[in-house]
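A short worksheet on the structure shown next.
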Amino acid sequence: IHPLAAFLVRYAYWSCVVLAVGTEVTAVAPYMQYWFPGTPSWIWVMLFSAVLVGVNAMNVKVFGAVEYWFSAIKITAIVAFILIGSYVVLYSRRADIGFGNYVSHGGFAPNGPLGMWIAVIPAIFGYLSIEMIAVAAGEAANPQKAVIAAFRATIWRLATFYLLSIALMLAIVPWQAAGTDKSPFVKVMEIIGLPGGAAVINFVVLIAALSAMNSQLYITTRMMFSLARGGYAPARLGHLGSSGVPVEALALSCLGIGIATILSIMQPQRAFVLMMSISIFGALFTWFMIFVTHWFFRRCWVAQGDAPQRFRMWGFPWLTLLGAALMLAIMLTTPFTELFRMTLVTGIPFLALLTVIYLTWYRREMPQQEIGRAHV
């Protein structure tokens with residue numbers, strides 16, 4: 001599209017994931033306060049941040065081993081939750097448990113189309129990181145095969161683990177009871193009354209938050225490393241330490257942790273929401289640009305006379321254009337919500353600042369072959 005577009009989307013994505021790291025570590029505090037009520041949030045933020053920054057500063061094999069066990073715990077727990085939840089929903093005799101919760105308490109979609117529209121924004125935040133499939137393609141031996149397999153597997157796993165578990169959760173916990181004081185999955189176990197179940201699930205959602213933070217630290221560090229190697233960030237951020245990790249890029253990527261720590265001290269009850277509302281702009285902008293880039297890419301591919309790809313998005317170009325329009329519409333409506341009023345307030349000035357920085361320091365004429373490679 002243009003080198004400026006690449007500059008903006010990479011920094012917007014980097015900032016989004018940096019802040020998402022802070023969001024995840026902020027979410028850790030309520031989980032720990034389940035066992036240690038009354039403890040300050042910032043203690044848990046600093047403790048777990050130090051541990052995971054240490055993990056990411058070591059050899060990448062250490063990161064991989066830690067993430068492997070995090071994932072194993074999550075998958076085992078979610079399968080157990082689905083089995084237990086299915087049994088309770090199908091065989092419980094309690095009047096307050098069952099699929100009737102979908103239409104009781106104000107009916108289906110009790111806040112109407114507007115409520116559903118606003119709910120899309122935190123849902124997008126929940127799905128944030130699915131685009132890491134593409135980011136990781138650069139390190140795959142056979143990206144065409146690996147990305148296709150990873151994409152298809154991810155869609156099925158999201159449908160099975162994510163949507164099914166939420167469907168069961170809402171059949172047990174009415175929607176208005178799913179607050180922010182503790183995980184709704186913990187509330188499910190409290191309602192079921194399974195001995196020790198709530199504590200176990202609380203441990204699992206803690207692991208899930210740490211796993212997300214761990215992988216986001218990894219991806220944002222590599223993104224800054226890539227920017228530095230491409231000449232769009234200070235060169236020292238592209239240096240590798242003795243362990244093969246870009247330590248200085250990792251240090252800068254801990255910025256979100258610092259912001260989360262400050263917010264958890266100043267506004268512990270609102271820290272998570274504030275971090276999410278600021279972070280979501282980078283996600284919305286990145287996903288919008290993915291649709292736009294895909295549209296340019298497919299048009300260029302056909303114009304060059306290349307053979308049709310064997311893995312293509314359905315309904316091109318209409319679904320691509322619809323996706324871009326919907327992402328833009330969601331961005332433009334964030335100021336009208338209570339939770340996301342800060343999204344555009346911080347996001348638009350950030351893009352303007354990035355544009356000024358690019359035009360002042362990084363604008364340069366690209367060789368013709370670089371322009372061609374950027375388009376393809």
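The values are calculated or read from the model by the stated rules, or taken from the named source; none is laboratory data. Since the model is a prediction, treat every value here as computed from it, not as a measurement. With ligands, DNA and RNA removed, areas are computed over all heavy atoms of the protein, side chains included. Shrake-Rupley method; radii C 1.70, N 1.55, O 1.52, S 1.80 Å.
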Worksheet item: To the nearest whole percent, what portion of all C-alpha pairs in segment 185-320 is separated by more than 23 angstrom?
Response: 61 percent
Worksheet item: When ligands, DNA and RNA are left out and all protein chains stay put, how many square angstrom of accessible area per residue does the chain have with a 1.4 Å probe?
Response: 54 Å²
Fill in: Rule-of-thumb Rg ratio for segment 301-370 [Cα; 2.2 N^0.38 Å; N residues]
1.67
Worksheet item: What fraction, in whole percent, of alpha-carbon pairs in segment 48-194 exceed 17 Å separation?
Response: 73 percent
Worksheet item: Relative to the longest principal Cα axis of the chain, at what angle does helix 255-266 sit, 0 to 90 degrees, rounded to 10?
Response: 40 degrees
Discussion item. Over the chain, with a Gaussian network built from C-alpha contacts below 10 Å, which listed residue (Leu237, Leu47, Leu351) shows the highest mean-square fluctuation?
Written reply: Leu47
Worksheet, complete the sentence: Semi-axes of segment 119-203 from the Cα gyration tensor (sqrt of 5 times each eigenvalue, largest first, whole Å) come to 33, 14, 12
Worksheet item: To the nearest 10 degrees, how steeply does helix 143-157 sit against the main Cα axis of the chain, on a 0 to 90 scale?
Response: 20 degrees
Practice prompt. Determine by what factor the alpha-carbon radius of gyration of the chain differs from 2.2 N^0.38 Å, reporting the quotient.
Written response: 1.05
Item to complete: In square nanometres and to one decimal, what's the mean projected area of the convex hull around the Cα atoms of segment 238-376?
Response: 13.0 nm²
Worksheet item: Roughly to the nearest percent, how much of the accessible area of segment 189-271 is carbon and sulfur, given a 1.4 Å probe?
Response: 67 percent
Discussion item. Please list the three semi-axes, largest first and in whole Å, of the ellipsoid equivalent to segment 252-332, using sqrt of 5 times the eigenvalues of its alpha carbon gyration tensor.
Written reply: 39, 14, 8
Discussion item. Across segment 73-133, what fraction of all alpha-carbon pairs, as a whole percent, falls in each successive 10 Å bin from zero upward?
Written reply: 17, 26, 39, 17, 1
Practice prompt. Report the far tail of the P(r) of segment 1-103, meaning the percent of Cα-Cα pairs longer than 23 Å.
Written response: 58 percent
Worksheet item: Can you give the angle from 0 to 90° between the axis of helix 112-127 and the longest principal axis of the chain, with both taken from C-alpha atoms, to the nearest 10?
Response: 70 degrees
Worksheet item: Along the principal axes of its C-alpha atoms, what lengths does segment 234-291 span, in descending order and rounded to whole Å?
Response: 40, 37, 18
